Structures are given as C-alpha cells and as structure tokens.
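To start, the structure itself, in structure tokens.
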Amino acid sequence: MVGILVAAGLGGSMGTLVWKPVAPGVWQAQVGRRDLPTLMTAAGGTPAKVGLEGLGRGLAADSGSSGMAAGGFASARIPIEPSEKIYGLGLQMHGLNRRDGIYRLRVDHYSSGNERLHAPVPLYVSSRGYAVLFDTSRPITVSVGIGNQRGAPNPPARDRNTDPAWDAQPFSGAVEASVQGPGLTIYWFEGPTPMQAVQRYNLFCGGGAMPPRWALGFWHRTPSLADQNAVSSEVSEFEKRGFPIDVIGLEPGWQSSSYPCTFEWSAKRFPNPGRFVKDMSVKGVRVNLWTNPYVSEKSPIYEALEGHFGSHMVWLGAVPDMMQPAAQKTLTDYFQNEHLRIGVSGYKIDEVDGFDNWLWPDHAAFPSGLSGVQMRQVYGLLWQRTLEDLYRKEGRRSFGLVRGSNAGSSRFPYAIYSDTYDHREYLTGMISTGFAGVLWCAEARDAANGEEWVRRMQTAAVSHIAQLNAWASGTKPWSFPGFEDAVRSAMRLRIQLVPYLYTAFAKYHFEGLPVIRPMALVDGGQEMDQFLLGDDLLAAPMLTGQRSRKVRLPKGRWFDFHTGVLVGSGETIEVQPGLETIPLFVRDGALIPALPTGVKNASYGESEPFEVRRYGAAHARGWLYDDDGTSFAYEQGAYAMRELQVGTDGALVSNLKSGKPSLGGRKLNLRAMGGT
C-alpha cells in the first residue's frame with residue numbers, strides 16, 4: 001500500500017514523505033488523499049515491466065522529502081543541491097535549465113510570458129540522475145530553488161543596505177510543488193543517469209509510441225475547403241514533380257459543418273468518401289481527418305450524446321464528457337462506421353489546449369463529476385486514449401496530431417503541434433520533448449521568402465513528424481521559385497532515413513529512449529539548437545539568415561553524414577553547409593540503415609533492399625528494426641531487432657538480438673562513406 005501523509009489544519013507542518021516501490025526503480029508517495037483522476041489514471045497505461053527490469057538502478061527516492069495537506073492545498077518539498085540542474089516541467093519553448101524559476105503548469109494555449117503550454121507535463125529531470133512526476137489533474141505550481149521555508153537549510157541572511165551579495169531570491173534548497181485540492185500523488189524515477197530516468201518514466205507510461213511505418217514519411221495538409229478533386233489533383237502534382245507524399249490531411253472543410261463539428265462527410269465536397277480514400281490508398285497515401293471535439297446540433301450523434309455533455313459550450317458546440325464510457329462508445333461507434341471502415345488512418349485533434357477564453361471556465365460541470373479545471377487538464381489525454389483504443393480494436397496502428405496533452409501520454413501515437421511560428425521556438429520545443437515524454441510536429445506552413453521556406457522544411461525533415469500544413473496558406477513545397485530543388489532534397493532525405501527512424505522509434509517503445517534527445521540527456525550539454533536523432537545522428541538545423549553556425553561535437557570522432565568526411569572529435573566546430581544541406585553528423589563506427597533514394601513512399605515493400613552506410617574505420621555497429629509496419633503483432637514478438645556489424649574483414653553481418661528470425665531478412669547493401 002502506498003504511504004499516505006496528511007498534515008491537517010491551517011497551521012499544519014511538513015511531514016516526511018513515505019516512499020513505496022511500485023515498479024523496478026519507481027517509487028510513489030502520497031500527500032493527503034488520492035485525488036482521482038490523476039494524469040496517469042486518465043492516460044491508462046500499463047508499465048512495460050520487461051523494459052523497466054532491463055534498466056540499472058540509481059538514486060533512490062530522497063528520504064528528506066516532505067509534504068503537507070492543509071488549508072485546501074496539497075504540497076510537496078523535494079531537496080535539490082546548489083549545483084543541480086533541473087530540466088523539463090512540460091514541453092517548454094524557451095530555455096533549458098529550470099533552476100530559479102516558478103512554473104504554473106496548466107493546459108493553456110497562452111500563459112504568462114506568452115509561453116505555449118500544449119503539454120504542461122509536471123515532470124522534472126535532474127542532472128543528478130533521477131526524475132520526479134507530480135501526478136495530478138489539477139493545475140500545479142512548481143517553484144525550483146525559490147521559496148525559503150522556516151526551519152529548512154537556508155543561506156545566511158544578508159543586509160541589502162550594505163551587502164552587494166544580497167540576493168532577492170536566495171537558494172531554497174528544494175523543488176516545491178502545490179495544488180489546490182485534497183491531495184497530490186508523486187512518483188520518483190531512478191536513473192542512474194538523467195537519460196535512464198527519462199527512459200524509466202516512458203516505460204512506466206507503457207513504453208514509447210510505435211508508429212506505423214508510413215507515418216514517418218511526408219505529410220501534407222490541404223486547404224480547408226478543398227474538395228476531393230482538388231485533393232486528388234494536388235497528390236498527382238506531388239508525384240509529377242517528384243516529391244514524396246505519404247499522408248494527406250483534410251482540414252475542417254471535409255465535414256458538413258465545423259466549429260462546431262458534425263463529424264460527417266460533406267456531401268458537396270466529398271460525395272463519395274469511400275472511393276476517395278480507396279483511390280488515395282492505391283497511391284500509397286493515407287488520409288488523416290482534422291476535427292475538434294465539440295459537437296454541433298446538426299451532428300447525427302448529437303441526440304445520442306444528450307445527457308453526456310458538459311455545462312458549457314465551445315464555439316456553440318457541446319462538449320462530450322470523455323470520462324463517461326457511454327459518450328466514448330457513441331463517438332467511437334460513429335467514427336468506426338463512417339471513417340475507419342473506409343480506411344481513414346487517423347485524426348488531428350484540434351483545440352484541446354485552451355484556457356477560460358478558449359474552452360470552458362473553471363466552474364464548468366461535467367456529468368462524471370469532474371470540474372472544468374480537471375477536465376481541461378486531461379481532455380487531450382482522454383481523446384488520445386479513446387481513439388487509440390478504437391484503432392487497437394481494428395488491429396491496425398494509427399498516427400495523428402493533437403493540440404494538447406499531458407503526463408502519461410508517451411504511449412499515444414500523437415505528435416503535438418502549435419500555433420507558434422517562431423522557428424527557434426519550434427526547434428526548442430522539438431528538443432524539449434525529450435524531457436516531457438511527448439512527440440512534436442515542427443510543421444511548416446508558410447514563409448516570408450525562399451530561404452526561410454527551405455530552412456523550415458529541413459527542420460521538419462528531422463522532426464518526429466514531417467508535415468507541411470497548407471490549410472490556410474495553400475503553400476506547396478514548390479511554391480518558392482528557385483528553391484524547389486532544395487525542398488525536394490530535404491523531403492527525399494526524410495524518406496531515406498525512415499529505416500533508421502523506425503529503428504529509433506522501436507527503441508523508444510521497447511527501451512524508453514527518446515527519438516530526439518537533448519544534449520543535456522546525451523552528455524550534459526546545454527545546447528538547445530542541436531540534438532541527437534536516434535543513437536548515432538547529430539542534427540544541427542539552420543535558421544533563416546545563418547550562413548554558418550557552431551556545432552558542439554560530443555566525445556569521439558564525428559563524420560559529415562552527406563560526404564563521409566571527418567569533421568572533428570569532441571570539439572566545437574563551425575560549419576557553412578550551404579542552403580541545400582541539413583547539418584547532420586554521424587558517430588565514428590556507426591552503421592546507418594537507409595533507403596537508397598527518397599523517391600518512394602515510406603511504406604516500402606518487404607523486398608526493397610536497404611543501404612547500410614558505414615562511417616569511420618572502427619569496428620562498425622548499428623541496429624535495424626523491422627516488422628509488418630501496420631499491425632500490433634510486434635507486441636506478441638512478431639518483429640526483428642537486428643544488430644549490424646562490420647569487422648576488419650569488411651563483411652556486413654546481421655545478428656538477430658530479439659524477435660523472430662523469419663522477419664527482417666531483406667537484402668542489405670553496405671556503402672562505405674569514407675573516413676579513417
């Protein structure tokens with residue numbers, strides 16, 4: 001039984017937290033009473049025990065932690081050291097180290113400082129090699145090193161009048177978190193390294209999402225009111241110009257009415273949706289549907305959902321209570337019959353990230369008994385869980401986009417996107433996903449000039465999901481004359497990397513390793529404009545106006561991905577890649593599985609040979625994952641994870657490490673990329 005600590009009364013004092021083990025390397029403590037739903041219970045994941053048992057053990061939960069439930073608040077205090085760096089606290093788009101700051105975490109399109117909090121995951125990661133999650137469905141305030149308590153270890157007081165070393169915010173020696181509610185559940189994840197602490201969190205959520213293979217290709221969202229003829233013509237234009245396309249996203253106009261939504265096909269724009277989806281499938285293109293979860297009175301399921309709506313509307317649409325199984329069933333039955341049955345591959349869940357001026361107010365009521373405050377924190381989670389369960393019943397993997405998420409969502413096949421359009425913010429947000437257990441879609445929408453367009457598309461090419469969203473602008477990859485070749489090159493590179501990316505996602509699923517890894521998790525570096533993509537690729541995207549940039553190379557020798565030339569070893573270099581080149585570097589001795597060209601779709605055939613690129617002269621090593629690409633059979637062992645090796649004799653050897661030997665037997669062609 002989990003330890004419970006209660007300090008009642010307005011004058012209550014902090015009491016020591018009682019930590020109990022709940023999984024290998026995972027500890028739980030409770031302040032006050034358990035306040036359901038928590039974020040983790042809303043997400044509903046089952047810990048991946050095999051993966052958790054495979055991790056080492058690290059720093060156990062701090063016995064000096066304390067908590068208190070009093071005066072309508074529940075709070076916790078966890079000691080930190082003066083030199084300790086704190087990362088995370090949601091998908092943040094500004095900065096890295098969270099020391100000496102106060103963070104108010106609530107699902108919010110805009111918050112203080114114009115920070116977007118699409119995923120305010122209340123998880124922090126310590127440079128000492130552990131992570132802490134405050135598991136609550138209520139908005140939470142986290143003070144990192146700020147807020148001195150009487151009786152706690154504090155620095156000596158100074159006289160502001162005479163002492164120049166006076167500090168307005170003396171180091172408090174702790175992270176403090178508080179919620180307005182009856183209790184707070186806390187998890188501690190051991191390392192022993194910061195990376196392993198993050199792995200343990202992802203595995204405790206159920207393991208990272210394993211996308212279908214096609215989801216790692218290129219996505220294009222068409223103008224909002226495009227009809228099926230316009231969409232088909234656009235796909236044909238991609239093919240004609242030699243641009244890969246794997247997913248077509250239909251925006252609000254596919255519905256008979258939107259804002260609020262009917263969820264039914266527009267008879268005017270899509271008179272034969274079944275035929276349209278089938279025609280796209282023949283071309284190897286999947287169809288993804290935009291929606292926001294607010295129901296129009298014109299919707300065929302409005303009456304069936306009556307009695308399961310919240311007290312307030314959004315854009316005059318009723319809000320279904322997704323905590324109620326009856327509401328979930330009405331929605332999923334309709335979606336299955338009208339969308340999945342004809343082959344729709346997934347959804348874009350929009351507008352679940354608002355605050356009072358966007359969604360419902362705090363005092364809104366729902367039939368399940370949740371307040372408006374709590375429902376806002378978990379609404380994105382509930383929609384992801386409901387739709388993921390729907391596709392699981394179909395036996396096929398889905399992938400989609402979502403505007404708001406929270407803790408526990410590592411296993412969900414959804415990438416977060418945002419209305420923010422500052423390129424550097426996009427890059428920072430993409431990198432910070434590694435601390436939050438979420439995925440990010442650095443979608444390109446438009447640009448002021450051709451150079452910006454190329455740089456944005458290049459960033460998208462090394463993101464979790466590569467997408468052009470033309471719903472409002474109508475922009476095409478070839479919209480900027482003279483820059484078409486550079487954009488085509490970035491998109492084709494994306495397709496070439498799909499076998500490598502698919503392997504990285506398999507490690508995310510089975511081992512909890514983030515696909516995009518901040519340098520702080522890799523080697524303690526503080527850069528937020530470069531990152532490790534999978535095990536062996538170092539990416540350093542360029543921004544508009546840059547003719548050169550600095551790149552810090554981690555320990556060991558590194559080679560240019562494109563040329564195979566040695567660029568340095570454990571040092572900071574300056575690169576001038578030119579407009580058509582994404583700065584990518586490969587670890588010495590790495591083997592990178594790739595498609596020879598990037599012309600075909602990401603859902604390559606079973607017989608398509610791979611090119612295995614070898615960098616450096618050391619004994620080369622890499623990994624290659626394969627499965628059927630679409631089903632959940634991999635969860636029952638129907639996959640192949642192979643270790644690739646090249647010894648001194650120059651021969652490529654593929655050794656099965658887990659899974660079934662009957663899978664993953666495709667031809668592998670070794671390509672030496674130079675280097676000594």
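Within the stretch 608-620, is there a residue that is within 25 Å of L532 (Cβ to Cβ) and open to solvent by 50 Å² or more (accessible area, probe 1.4 Å)?
Yes: one or more hits.
Is it fair to say R671 is over 30 Å from R397 (Cα atoms), open to solvent by 20 Å² or more (accessible area, probe 1.4 Å) and either of a type in the set (K, R) or touching a helix residue (DSSP H, G or I) at 6+ places or on another chain (Cβ under 6 Å) (or both)?
Considered against the rule, which asks whether it is over 30 Å from R397 (Cα atoms), open to solvent by 20 Å² or more (accessible area, probe 1.4 Å) and either of a type in the set (K, R) or touching a helix residue (DSSP H, G or I) at 6+ places or on another chain (Cβ under 6 Å) (or both), R671 comes out as yes.
Looking only at strands (runs of 3 or more DSSP E) that lie completely in the stretch 30-115, which have at least 1 residues being at positive phi?
86-88
State whether the residues of the stretch 394-403 include one that is closer than 20 Å to V121 by Cα, touching a Pro at 6+ places or on another chain (Cβ under 9 Å) and open to solvent by 10 Å² or more (accessible area, probe 1.4 Å). Walk me through it before giving the result.
From the stretch 394-403, those closer than 20 Å to V121 by Cα are 400-403; that's our starting set.
Checking the rest, the ones that are also touching a Pro at 6+ places or on another chain (Cβ under 9 Å) come to 400.
With open to solvent by 10 Å² or more (accessible area, probe 1.4 Å) added as a condition, the list becomes none.
Looking for residues that are closer than 20 Å to V121 by Cα, touching a Pro at 6+ places or on another chain (Cβ under 9 Å) and open to solvent by 10 Å² or more (accessible area, probe 1.4 Å), one finds none in the stretch 394-403, hence no.
The rows are residues; the columns are (1) crowded, with 21+ Cβ neighbours inside 10 Å; (2) of a type in the set (A, V, I, L, M).
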site	(1), (2)
Q180	no, no
G183	yes, no
I186	yes, yes
C205	yes, no
L225	no, yes
S233	no, no
S236	no, no
F243	yes, no
G249	yes, no
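Looking only at the stretch 260-292, which residues are among the hydrophobic types (A, V, I, L, M, F, W, C), open to solvent by 10 Å² or more (accessible area, probe 1.4 Å) and under 21 Å from R213 (Cα atoms)?
V282
Residues to consider are Y124, Y187; find the one that is in a strand (DSSP E or B) and more than 28 Å from Y426 (Cα to Cα).
Sole residue among the options that is in a strand (DSSP E or B) and more than 28 Å from Y426 (Cα to Cα): Y187.
Take the stretch 300-328 and flag every residue that is without any contact (Cβ under 8 Å) to a residue 40 or more places away in the chain and either in a strand (DSSP E or B) or touching a helix residue (DSSP H, G or I) at 6+ places or on another chain (Cβ under 9 Å) (or both). Reasoning before the result, please.
First, the residues of the stretch 300-328 that are without any contact (Cβ under 8 Å) to a residue 40 or more places away in the chain: 300-306, 320, 325-327.
Within the stretch 300-328, P300, I301, A304, L305, P320, A326, A327 meet the criteria.
Does the stretch 346-355 include one or more residues that are farther than 24 Å from C441 by Cα and open to solvent by 10 Å² or more (accessible area, probe 1.4 Å)?
Checked the stretch 346-355: no residue is farther than 24 Å from C441 by Cα and open to solvent by 10 Å² or more (accessible area, probe 1.4 Å).
Among (1) within 26 Å of the chain's Cα centre (by Cα); (2) in contact (Cβ under 8 Å) with a residue 24 or more places away in the chain, there is one condition L663 misses while meeting the rest; what is its number?
(1)
Regarding G605, is this residue out of contact with any helix residue (DSSP H, G or I) (no Cβ under 7 Å at 6 or more places or on another chain), modelled with pLDDT under 90, within 29 Å of E388 (Cα to Cα) and exposed (fewer than 13 other Cβ atoms within 10 Å of the Cβ)?
Yes: the conditions hold for G605.
Being in a strand (DSSP E or B) and acidic (D, E) is the filter here, so list the residues in the stretch 138-179 that pass it.
Result: E176, single match.
Which of the numbered conditions does V175 fail, given that it passes all the others? Conditions: (1) closer than 17 Å to M280 by Cα; (2) among the hydrophobic types (A, V, I, L, M, F, W, C); (3) in contact with a strand residue (DSSP E or B) (Cβ under 6 Å, 6 or more places away or on another chain).
(1)
What about Q169, is it out of contact with any Phe, Trp or Tyr (no Cβ under 9 Å at 6 or more places or on another chain) and not charged (D, E, K, R)? Don't jump to the end; show me each part of the working.
Working: out of contact with any Phe, Trp or Tyr (no Cβ under 9 Å at 6 or more places or on another chain): yes; not charged (D, E, K, R): yes.
Criteria met by Q169.
Test A618 against the criterion of being touching a Gly at 6+ places or on another chain (Cβ under 6 Å), in contact (Cβ under 8 Å) with a residue 24 or more places away in the chain and part of a loop (DSSP other than H, G, I, E, B), and give yes or no.
Here the answer is yes, as A618 does meet what is asked.
List every residue pair whose Cβ atoms sit under 6 Å apart, with the two residues 6 or more apart in sequence or on different chains, where the first one lies in the stretch 172-184 and is closer than 16 Å to L39 by Cβ and of a type in the set (G, A, S) and the second, anywhere, is modelled with pLDDT of 95 or more and part of a loop (DSSP other than H, G, I, E, B).
Going by the 6 Å Cβ cut-off, the qualifying pairs are G181/D35; G181/R138; G183/R33; G183/R34; G183/D35.
Looking only at the stretch 421-461, which residues are at pLDDT below 95, hydroxyl-bearing (S, T, Y) and in contact with a helix residue (DSSP H, G or I) (Cβ under 8 Å, 6 or more places away or on another chain)?
Y426
Residues are listed down the side, and each one gets a yes or a no for (1) in contact with a Phe, Trp or Tyr (Cβ under 6 Å, 6 or more places away or on another chain); (2) more than 21 Å from R286 (Cα to Cα):
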{"site": "R396", "(1), (2)": "no, no"}
{"site": "G400", "(1), (2)": "yes, no"}
{"site": "Y414", "(1), (2)": "no, no"}
{"site": "H423", "(1), (2)": "no, yes"}
{"site": "I431", "(1), (2)": "yes, yes"}
{"site": "G434", "(1), (2)": "no, yes"}
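Residues G274, G343: which one is farther than 25 Å from P244 by Cβ and of a type in the set (G, A, S)?
Numbers: G343 fails: farther than 25 Å from P244 by Cβ.
Sole residue among the options that is farther than 25 Å from P244 by Cβ and of a type in the set (G, A, S): G274.
To keep it simple, each residue is scored yes or no on (1) modelled with pLDDT under 95; (2) surrounded by fewer than 18 Cβ atoms within 10 Å (Cβ to Cβ).
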{"position": "A76", "(1), (2)": "no, no"}
{"position": "I80", "(1), (2)": "no, no"}
{"position": "Q92", "(1), (2)": "yes, no"}
{"position": "R104", "(1), (2)": "yes, yes"}
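Condition first: at pLDDT below 95, of a type in the set (G, A, S), assigned to a loop (DSSP other than H, G, I, E, B) and touching a Pro at 6+ places or on another chain (Cβ under 7 Å). Can you find one or more residues in the stretch 11-20 that meet it?
no
Please enumerate the residues belonging to the stretch 631-660 that are polar (S, T, N, Q), within 30 Å of D389 (Cβ to Cβ) and assigned to a strand (DSSP E or B).
S658 - this is the single residue of the stretch 631-660 that is polar (S, T, N, Q), within 30 Å of D389 (Cβ to Cβ) and assigned to a strand (DSSP E or B).
Select from the stretch 451-501 the residues that are under 18 Å from T581 (Cβ atoms) and assigned to a loop (DSSP other than H, G, I, E, B) and write down the one among them that is most open to solvent (accessible area, probe 1.4 Å).
G482
Quick check on the stretch 502-522. Is at least one of its residues more than 16 Å from G217 (Cα to Cα), among the aromatic types (F, W, Y), open to solvent by 10 Å² or more (accessible area, probe 1.4 Å) and in a loop (DSSP other than H, G, I, E, B)?
no
With L382, L401 as the choices, which residue is in contact with a strand residue (DSSP E or B) (Cβ under 7 Å, 6 or more places away or on another chain) and either in contact (Cβ under 8 Å) with a residue 60 or more places away in the chain or part of a loop (DSSP other than H, G, I, E, B) (or both)?
Numbers: L382 fails: in contact with a strand residue (DSSP E or B) (Cβ under 7 Å, 6 or more places away or on another chain).
Unique residue meeting the criteria: L401.
Out of R587, R552, report the one residue that is surrounded by fewer than 19 Cβ atoms within 10 Å (Cβ to Cβ), modelled with pLDDT of 95 or more and either of a type in the set (K, R) or within 30 Å of D626 (Cβ to Cβ) (or both). Break it down stepwise before answering.
Details: R587 fails: surrounded by fewer than 19 Cβ atoms within 10 Å (Cβ to Cβ).
Selected residue: R552, the only one of R587, R552 that is surrounded by fewer than 19 Cβ atoms within 10 Å (Cβ to Cβ), modelled with pLDDT of 95 or more and either of a type in the set (K, R) or within 30 Å of D626 (Cβ to Cβ) (or both).
Of everything in the stretch 406-420 that's more than 9 Å from the chain's Cα centre (by Cα) and polar (S, T, N, Q), which residue is modelled with the highest pLDDT?
N406
For L533, all conditions in the list (1) more than 18 Å from V599 (Cα to Cα); (2) touching an Asp or Glu at 6+ places or on another chain (Cβ under 9 Å); (3) not hydroxyl-bearing (S, T, Y) hold save one; what is the number of the exception?
Just one mismatch for L533, condition (2).
The values are calculated or read from the model by the stated rules, or taken from the named source; none is laboratory data. This one's a predicted model, so the numbers in the text were calculated from it and none came from an experiment. Cβ: placed from backbone, ideal geometry, glycine included. Neighbour counts: every protein chain shown. The area values use the complete protein model at the heavy-atom level, side chains included, leaving out ligands, DNA and RNA. Shrake-Rupley method; radii C 1.70, N 1.55, O 1.52, S 1.80 Å.
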